[in-house]
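The values are calculated or read from the model by the stated rules, or taken from the named source; none is laboratory data. Note that the structure is predicted; figures quoted are calculated from it, not measured. Positions of Cβ are generated from backbone atoms using ideal geometry, with glycine treated the same way; all protein chains shown enter the neighbour counts. Surface areas here come from the heavy atoms of the whole protein model, side chains and all, with no ligands, DNA or RNA. Shrake-Rupley method; radii C 1.70, N 1.55, O 1.52, S 1.80 Å.
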Amino acid sequence: MSRASRRSQLLRAGSVRGAGGDCRMAPDPWFSTYDSTCQIAQEIAEKIQQRNQYERNGENTTKLTVTIRALLQNLKEKIALLKDLLLRAVSTRQITQLEGDRRQNLLDDLVTRERLLLASFKNEGAEPDLIRSSLMTGGAKRGVPNPWLFEEPEETRGLGFDEIRQQQQKIIQEQDAGLDALSSIISRQKQMGQEIGNELDEQNEIIDDLANLVENTDEKLRTETRRVNMVDRKSTSCASLTWCPLGCALLAFDFSQRLAQHSCPSCG
């Protein structure tokens, strides 16, 4: 058995229920439908080739034409069913995104085969031999290889299904550990952010208190300045009042002396 065939069987082998629970095999309706659809496509290619052979020999092809039309209709319905099953499996997370992409590639191959078969049936496309060979090799699209024919990686080469499952569980556990570490780092950063926010709130309160204190001090300084100016003005007025009586006294004394001299000339 080839590595691609063994890999295909492993991937078709049902689902693993639970992170570390029992592994129960269950048939996958998508793959069973896919296999039957591939058989229908193969049968259509053979019928078209047989019809063309009849035409070259001048034989009646009416019966084959009716059969081919019915098979083409059946192929179309099968492809639509595969699309619906794939969409349902992806939306309900019954399969992984990688598995969904792999199945989508297979479905795209089938759609391309359907178009080629329809064109060949209408004598508008490739020869039946080319279609038949493309069906046998796993796809007619050039440049898009069959995903089931990829080289098996070294990590899973030679491993059984249980060993592959254990390896996948180990990878999942490592990813979970990495996510837990990342979650812890994010939690610490969140806590640091909250502490920084609280510190900023306290600093803002201190700044507000300082602003109020400066405003009060400034008001007190203005009040004291007004008082000093008022005292200075009062001091100037008091000095003027003190010198006025003294000047008057001196003038009175001088006047009295002069008056005495005029009254008593002999005294002079």
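Things to note:
- Selection from segment 63-86 of residues that are more than 19 Å from Leu117 (Cβ to Cβ) and either touching a helix residue (DSSP H, G or I) at 6+ places or on another chain (Cβ under 6 Å) or modelled with pLDDT under 90 (or both): Leu85, Leu86
- Top-ranked residue of segment 173-214 - restricted to ones that are of a type in the set (Val, Ile, Thr) and open to solvent by 90 Å² or more (accessible area, probe 1.4 Å), ranked as nearest to Thr96 (Cα to Cα): Ile186
- Flag if Val66 is open to solvent by 70 Å² or more (accessible area, probe 1.4 Å) and either free of Cβ contacts under 8 Å to residues at least 12 places away in the same chain or part of a helix (DSSP H, G or I) (or both): yes
- Residue check for Glu46: modelled with pLDDT of 90 or more and acidic (Asp, Glu): yes
- Residue count, segment 94-117 (criterion: open to solvent by 70 Å² or more (accessible area, probe 1.4 Å), more than 23 Å from the chain's Cα centre (by Cα) and over 15 Å from Ala45 (Cβ atoms)): 1
- Among residues of segment 83-98, those that are in contact with a Lys or Arg (Cβ under 6 Å, 6 or more places away or on another chain) and more than 19 Å from Thr33 (Cα to Cα), counted: 0
- Look at segment 91-119: where a residue is under 15 Å from Phe31 (Cα atoms), no partner that is of a type in the set (Ser, Thr, Tyr) and open to solvent by 70 Å² or more (accessible area, probe 1.4 Å) sits 6+ places away or on another chain with Cβ atoms under 6 Å.
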